[in-house]
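These notes concern the structure reproduced below.
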Amino acid sequence: DKGTCLTVLFDLSSTERSNVPGAANPQLYLQFLTSYQDPEGKSMLRVTTVTRQWVDSAVSAEELVENFDQETAAVVMARITSLKMETEEGFDATRWLDRNLIRLCSKFGDYRKDDPSSFTLNPRFSLFPQFMFNLRRSQFVQVFNNSPDETAYFRMLLNRENITNAAVMIQPSLISYSFNSLPQPALLDVASISADRILLLDSYFSVVVFHGMTIAQWRNAGYQNQPEHQAFAQLLQAPQDDAQMIIRERFPVPRLVVCDQHGS
(Lines give C-alpha, C1' and ligand atoms only; values in the text may rest on other atoms or scores of the structure.)
Protein backbone atom coordinates (compact mmCIF):
# COMPACT_ATOMS: atom_id res chain seq x y z
CA ASP A 1 0.00 0.00 0.00
CA LYS A 2 1.74 3.16 -1.21
CA GLY A 3 -0.39 5.27 1.12
CA THR A 4 0.90 3.64 4.30
CA CYS A 5 2.60 6.06 6.70
CA LEU A 6 4.43 4.61 9.71
CA THR A 7 5.92 6.20 12.82
CA VAL A 8 9.40 5.17 13.94
CA LEU A 9 10.58 6.31 17.38
CA PHE A 10 14.15 6.30 18.65
CA ASP A 11 14.70 6.49 22.39
CA LEU A 12 18.16 8.00 22.83
CA SER A 13 20.00 8.00 26.13
CA SER A 14 22.25 10.86 27.22
CA THR A 15 25.25 8.54 26.79
CA GLU A 16 24.43 7.97 23.13
CA ARG A 17 23.98 11.68 22.54
CA SER A 18 27.34 12.46 24.15
CA ASN A 19 29.09 10.34 21.51
CA VAL A 20 27.93 12.64 18.71
CA PRO A 21 30.87 14.44 17.01
CA GLY A 22 31.48 17.95 18.26
CA ALA A 23 30.77 19.75 14.99
CA ALA A 24 27.81 22.11 14.87
CA ASN A 25 24.64 20.33 13.73
CA PRO A 26 26.36 17.01 12.88
CA GLN A 27 24.54 14.69 10.52
CA LEU A 28 22.86 11.47 11.55
CA TYR A 29 21.95 8.70 9.13
CA LEU A 30 19.00 6.32 9.24
CA GLN A 31 18.67 3.28 7.01
CA PHE A 32 15.51 1.23 6.57
CA LEU A 33 15.53 -2.23 4.96
CA THR A 34 12.13 -3.32 3.66
CA SER A 35 11.63 -6.90 2.48
CA TYR A 36 8.56 -7.80 0.45
CA GLN A 37 7.27 -10.11 -2.26
CA ASP A 38 6.24 -8.66 -5.62
CA PRO A 39 3.22 -9.87 -7.67
CA GLU A 40 5.46 -12.34 -9.53
CA GLY A 41 6.53 -14.00 -6.29
CA LYS A 42 10.06 -12.59 -6.25
CA SER A 43 11.60 -11.54 -2.95
CA MET A 44 12.52 -7.86 -3.06
CA LEU A 45 14.61 -5.70 -0.75
CA ARG A 46 14.22 -1.93 -0.70
CA VAL A 47 16.90 0.11 1.07
CA THR A 48 16.03 3.67 2.09
CA THR A 49 18.68 5.94 3.59
CA VAL A 50 17.86 9.37 5.00
CA THR A 51 19.98 11.96 6.74
CA ARG A 52 19.03 14.49 9.38
CA GLN A 53 20.79 16.92 11.68
CA TRP A 54 21.06 16.75 15.45
CA VAL A 55 19.42 19.68 17.23
CA ASP A 56 20.30 20.33 20.86
CA SER A 57 17.25 22.17 22.20
CA ALA A 58 19.12 22.94 25.42
CA VAL A 59 21.54 25.13 23.45
CA SER A 60 19.36 26.59 20.71
CA ALA A 61 15.74 25.78 19.95
CA GLU A 62 15.37 28.13 16.98
CA GLU A 63 16.03 25.48 14.33
CA LEU A 64 13.70 23.05 16.09
CA VAL A 65 10.92 25.64 16.20
CA GLU A 66 11.33 26.60 12.54
CA ASN A 67 10.96 22.97 11.42
CA PHE A 68 8.16 21.94 13.77
CA ASP A 69 5.23 20.29 11.95
CA GLN A 70 2.10 20.61 14.06
CA GLU A 71 -0.01 18.05 12.21
CA THR A 72 2.76 15.45 12.24
CA ALA A 73 3.40 16.04 15.94
CA ALA A 74 -0.31 15.63 16.72
CA VAL A 75 -0.49 12.35 14.78
CA VAL A 76 2.62 11.02 16.52
CA MET A 77 1.13 11.92 19.91
CA ALA A 78 -2.10 10.13 18.97
CA ARG A 79 -0.22 7.00 17.92
CA ILE A 80 1.91 6.95 21.06
CA THR A 81 -1.20 7.45 23.20
CA SER A 82 -2.98 4.54 21.48
CA LEU A 83 0.07 2.31 21.97
CA LYS A 84 0.36 3.19 25.65
CA MET A 85 -3.35 2.58 26.24
CA GLU A 86 -2.94 -0.91 24.78
CA THR A 87 0.32 -1.88 26.49
CA GLU A 88 0.45 -0.02 29.82
CA GLU A 89 -2.00 -1.04 32.51
CA GLY A 90 -3.74 1.85 34.23
CA PHE A 91 -2.37 4.39 31.75
CA ASP A 92 -4.16 7.76 32.10
CA ALA A 93 -4.15 9.08 28.53
CA THR A 94 -5.77 12.44 29.29
CA ARG A 95 -3.34 13.22 32.07
CA TRP A 96 -0.35 12.18 29.96
CA LEU A 97 -1.45 14.40 27.06
CA ASP A 98 -2.06 17.35 29.38
CA ARG A 99 1.33 16.93 31.01
CA ASN A 100 3.16 16.84 27.68
CA LEU A 101 1.25 19.86 26.38
CA ILE A 102 2.17 21.80 29.52
CA ARG A 103 5.83 20.85 29.07
CA LEU A 104 5.80 22.03 25.45
CA CYS A 105 4.10 25.33 26.31
CA SER A 106 6.44 26.01 29.22
CA LYS A 107 9.49 25.43 27.00
CA PHE A 108 8.41 27.25 23.84
CA GLY A 109 5.86 29.75 25.17
CA ASP A 110 6.56 33.30 26.33
CA TYR A 111 4.99 34.42 29.59
CA ARG A 112 5.47 36.33 32.83
CA LYS A 113 5.32 34.31 36.00
CA ASP A 114 1.94 34.40 37.79
CA ASP A 115 0.35 36.29 34.86
CA PRO A 116 -1.69 33.85 32.70
CA SER A 117 -2.85 36.64 30.38
CA SER A 118 0.74 37.26 29.28
CA PHE A 119 1.15 33.82 27.71
CA THR A 120 1.89 33.69 23.98
CA LEU A 121 2.91 30.77 21.79
CA ASN A 122 4.98 30.83 18.64
CA PRO A 123 2.75 30.55 15.52
CA ARG A 124 4.60 27.32 14.66
CA PHE A 125 2.93 25.78 17.73
CA SER A 126 -0.35 27.71 17.76
CA LEU A 127 -2.54 24.86 16.43
CA PHE A 128 -0.96 22.10 18.50
CA PRO A 129 -3.01 22.76 21.70
CA GLN A 130 -6.16 22.64 19.56
CA PHE A 131 -5.14 19.25 18.18
CA MET A 132 -4.51 17.98 21.73
CA PHE A 133 -7.92 19.26 22.86
CA ASN A 134 -9.66 17.31 20.10
CA LEU A 135 -7.45 14.25 20.62
CA ARG A 136 -8.53 14.09 24.27
CA ARG A 137 -12.15 13.89 23.11
CA SER A 138 -11.56 11.53 20.17
CA GLN A 139 -12.45 7.85 19.85
CA PHE A 140 -8.77 7.02 20.33
CA VAL A 141 -8.82 8.23 23.94
CA GLN A 142 -12.52 8.11 24.88
CA VAL A 143 -13.29 4.47 24.17
CA PHE A 144 -16.55 4.36 26.16
CA ASN A 145 -19.53 3.21 24.03
CA ASN A 146 -17.16 1.66 21.46
CA SER A 147 -16.68 -2.09 21.27
CA PRO A 148 -13.10 -3.46 21.49
CA ASP A 149 -13.34 -4.32 17.79
CA GLU A 150 -14.31 -0.75 16.88
CA THR A 151 -11.49 0.69 18.98
CA ALA A 152 -8.98 -1.69 17.37
CA TYR A 153 -10.28 -0.71 13.92
CA PHE A 154 -9.95 3.02 14.61
CA ARG A 155 -6.41 2.61 15.94
CA MET A 156 -5.36 0.38 13.05
CA LEU A 157 -6.31 3.07 10.54
CA LEU A 158 -4.71 5.80 12.65
CA ASN A 159 -1.43 3.87 12.59
CA ARG A 160 -1.31 3.36 8.81
CA GLU A 161 -2.90 6.42 7.19
CA ASN A 162 -0.93 9.42 5.96
CA ILE A 163 -0.59 12.57 8.04
CA THR A 164 -3.41 14.47 6.33
CA ASN A 165 -5.97 11.70 6.85
CA ALA A 166 -4.79 10.89 10.37
CA ALA A 167 -5.03 14.57 11.33
CA VAL A 168 -8.64 14.60 10.10
CA MET A 169 -9.35 11.62 12.39
CA ILE A 170 -8.11 13.68 15.32
CA GLN A 171 -9.55 17.05 14.32
CA PRO A 172 -12.34 16.88 11.72
CA SER A 173 -12.39 19.44 8.92
CA LEU A 174 -15.44 21.68 8.56
CA ILE A 175 -16.24 23.60 5.36
CA SER A 176 -18.95 26.26 5.12
CA TYR A 177 -21.03 26.96 1.98
CA SER A 178 -23.16 30.08 1.61
CA PHE A 179 -24.43 32.61 -0.96
CA ASN A 180 -22.14 35.33 0.38
CA SER A 181 -18.75 33.65 -0.08
CA LEU A 182 -16.85 30.80 -1.63
CA PRO A 183 -16.55 27.55 0.37
CA GLN A 184 -14.26 28.24 3.32
CA PRO A 185 -13.05 26.49 6.49
CA ALA A 186 -15.18 26.99 9.59
CA LEU A 187 -14.50 26.56 13.28
CA LEU A 188 -15.52 23.34 15.00
CA ASP A 189 -17.99 25.27 17.11
CA VAL A 190 -21.75 25.58 17.42
CA ALA A 191 -21.34 29.21 16.31
CA SER A 192 -20.61 27.92 12.79
CA ILE A 193 -24.20 26.70 12.46
CA SER A 194 -26.38 29.18 10.58
CA ALA A 195 -29.84 28.90 9.03
CA ASP A 196 -28.60 30.10 5.62
CA ARG A 197 -25.47 27.95 5.48
CA ILE A 198 -24.51 24.39 4.52
CA LEU A 199 -21.71 22.66 6.43
CA LEU A 200 -19.57 19.75 5.24
CA LEU A 201 -17.90 17.82 8.06
CA ASP A 202 -15.18 15.26 7.34
CA SER A 203 -14.15 13.15 10.33
CA TYR A 204 -12.55 10.47 8.11
CA PHE A 205 -14.88 7.69 9.29
CA SER A 206 -17.99 9.77 8.51
CA VAL A 207 -18.81 12.57 6.07
CA VAL A 208 -21.72 14.81 7.08
CA VAL A 209 -23.63 17.32 4.94
CA PHE A 210 -25.60 19.61 7.27
CA HIS A 211 -28.24 22.02 5.91
CA GLY A 212 -29.27 25.11 7.87
CA MET A 213 -32.98 25.53 8.61
CA THR A 214 -33.63 28.12 5.89
CA ILE A 215 -31.67 26.14 3.30
CA ALA A 216 -33.65 22.99 4.17
CA GLN A 217 -36.98 24.83 3.89
CA TRP A 218 -36.09 26.24 0.47
CA ARG A 219 -34.94 22.81 -0.69
CA ASN A 220 -38.17 21.17 0.53
CA ALA A 221 -40.14 23.85 -1.32
CA GLY A 222 -38.34 22.86 -4.53
CA TYR A 223 -36.71 26.24 -5.24
CA GLN A 224 -33.66 24.48 -6.70
CA ASN A 225 -35.86 23.15 -9.53
CA GLN A 226 -36.91 26.63 -10.67
CA PRO A 227 -34.85 28.29 -13.46
CA GLU A 228 -34.64 31.60 -11.59
CA HIS A 229 -32.98 29.90 -8.59
CA GLN A 230 -30.01 28.24 -10.31
CA ALA A 231 -27.64 29.80 -7.79
CA PHE A 232 -29.46 27.97 -5.01
CA ALA A 233 -29.30 24.69 -6.96
CA GLN A 234 -25.55 25.13 -7.34
CA LEU A 235 -25.18 25.89 -3.64
CA LEU A 236 -27.05 22.68 -2.77
CA GLN A 237 -24.97 20.59 -5.16
CA ALA A 238 -21.50 21.88 -4.20
CA PRO A 239 -21.16 20.12 -0.82
CA GLN A 240 -22.66 16.94 -2.28
CA ASP A 241 -20.01 16.91 -5.02
CA ASP A 242 -17.22 17.54 -2.52
CA ALA A 243 -18.54 14.79 -0.24
CA GLN A 244 -18.58 12.31 -3.12
CA MET A 245 -15.01 13.29 -4.03
CA ILE A 246 -13.88 12.49 -0.48
CA ILE A 247 -15.73 9.16 -0.51
CA ARG A 248 -14.28 8.10 -3.89
CA GLU A 249 -10.71 8.72 -2.78
CA ARG A 250 -10.95 6.98 0.59
CA PHE A 251 -10.84 3.34 1.60
CA PRO A 252 -12.49 2.04 3.72
CA VAL A 253 -15.42 4.08 2.44
CA PRO A 254 -16.70 6.56 5.06
CA ARG A 255 -20.35 6.73 6.03
CA LEU A 256 -22.29 9.58 4.36
CA VAL A 257 -24.84 11.40 6.52
CA VAL A 258 -27.15 14.08 5.09
CA CYS A 259 -29.17 15.98 7.70
CA ASP A 260 -30.99 19.25 8.41
CA GLN A 261 -30.94 21.69 11.29
CA HIS A 262 -33.70 20.77 13.78
CA GLY A 263 -34.44 17.68 11.66
CA SER A 264 -34.90 14.16 13.00
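The values are calculated or read from the model by the stated rules, or taken from the named source; none is laboratory data. Note that the structure is a prediction, hence the values are computed from the model and not measured. Virtual Cβ from ideal backbone geometry, glycine too; neighbours counted across all protein chains shown.
Which condition number does Tyr204 fail, the rest of (1) aromatic (Phe, Trp, Tyr); (2) under 19 Å from Phe131 (Cβ atoms); (3) surrounded by fewer than 16 Cβ atoms within 10 Å (Cβ to Cβ) being met?
(3)
May I ask you to list pairs of residues, at least six apart or on different chains, whose Cβ atoms are under 8 Å apart, with the first in the range 235-264 being at positive phi and the second being not hydroxyl-bearing (Ser, Thr, Tyr)?
Hits for this filter: His262/Met213.
Going by what's in this entry, would Ile215 be described as of a type in the set (A, V, I, L, M), surrounded by fewer than 17 Cβ atoms within 10 Å (Cβ to Cβ) and either closer than 15 Å to Ile247 by Cα or over 15 Å from the mean Cα position of the chain (by Cα) (or both)?
no
Okay, residues lined up against (1) over 18 Å from Asp69 (Cβ atoms); (2) in the same structural domain as Lys84 (by TED's automatic domain parsing); (3) of a type in the set (D, E, K, R); (4) out of contact with any Ser or Thr (no Cβ under 9 Å at 6 or more places or on another chain):
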| site | (1), (2), (3), (4) |
| --- | --- |
| Ser106 | yes, yes, no, yes |
| Asp114 | yes, yes, yes, yes |
| Asn134 | no, yes, no, yes |
| Asn145 | yes, yes, no, yes |
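For the range 124-162, how many residues are assigned to a helix (DSSP H, G or I), farther than 21 Å from Leu187 by Cβ and touching a residue at least 40 places away in the same chain (Cβ under 8 Å)? Outline the logic, then answer.
Looking only at the range 124-162, we keep the residues that are assigned to a helix (DSSP H, G or I), and these are 124-125, 128-136, 148-158.
Then drop every residue that is not farther than 21 Å from Leu187 by Cβ, which leaves 148-158.
Checking the rest, the ones that are also touching a residue at least 40 places away in the same chain (Cβ under 8 Å) come to 154-155, 157-158.
Selection size over the range 124-162: 4.
Does any residue of the range 106-120 turn out to be surrounded by 12 or more Cβ atoms within 10 Å (Cβ to Cβ) and among the hydrophobic types (A, V, I, L, M, F, W, C)?
Yes, that holds for at least one residue.
In the range 69-78, is there at least one residue being surrounded by 13 or more Cβ atoms within 10 Å (Cβ to Cβ) and farther than 19 Å from Val8 by Cβ? Steps first, please.
Applying the first criterion (surrounded by 13 or more Cβ atoms within 10 Å (Cβ to Cβ)) to the range 69-78 yields 70-78.
Next cut, farther than 19 Å from Val8 by Cβ only: 70.
Looking for residues that are surrounded by 13 or more Cβ atoms within 10 Å (Cβ to Cβ) and farther than 19 Å from Val8 by Cβ, one finds at least one in the range 69-78, hence yes.
Considering each residue of the range 28-44, count those that are in a strand (DSSP E or B) and either within 16 Å of Asp1 (Cα to Cα) or within 30 Å of the chain's Cα centre (by Cα) (or both), and give that number.
Total meeting the criteria: 11.
For the subset of the range 177-198 comprising residues that are in contact (Cβ under 8 Å) with a residue 24 or more places away in the chain and hydroxyl-bearing (Ser, Thr, Tyr), which member is surrounded by the fewest Cβ atoms within 10 Å (Cβ to Cβ)?
Once the filter is applied, the top-ranked residue is Ser178.
Which one is surrounded by the most Cβ atoms within 10 Å (Cβ to Cβ) among residues in the range 218-263 that are part of a helix (DSSP H, G or I) and basic (Lys, Arg)?
Selected residue: Arg219.
From the list Ala61, Ala93, which residue is modelled with pLDDT of 90 or more and surrounded by 15 or more Cβ atoms within 10 Å (Cβ to Cβ)?
When all the criteria are applied, what remains is Ala93.
So which residues in the range 79-93 are in contact with a Leu (Cβ under 8 Å, 6 or more places away or on another chain) and either assigned to a loop (DSSP other than H, G, I, E, B) or more than 16 Å from Pro148 (Cβ to Cβ) (or both), if there are any at all? Before you say what the answer is, go through the steps one by one.
Going through the range 79-93, the residues in contact with a Leu (Cβ under 8 Å, 6 or more places away or on another chain) turn out to be 79-82.
Arg79, Ile80, Thr81 - these are the residues of the range 79-93 that are in contact with a Leu (Cβ under 8 Å, 6 or more places away or on another chain) and either assigned to a loop (DSSP other than H, G, I, E, B) or more than 16 Å from Pro148 (Cβ to Cβ) (or both).
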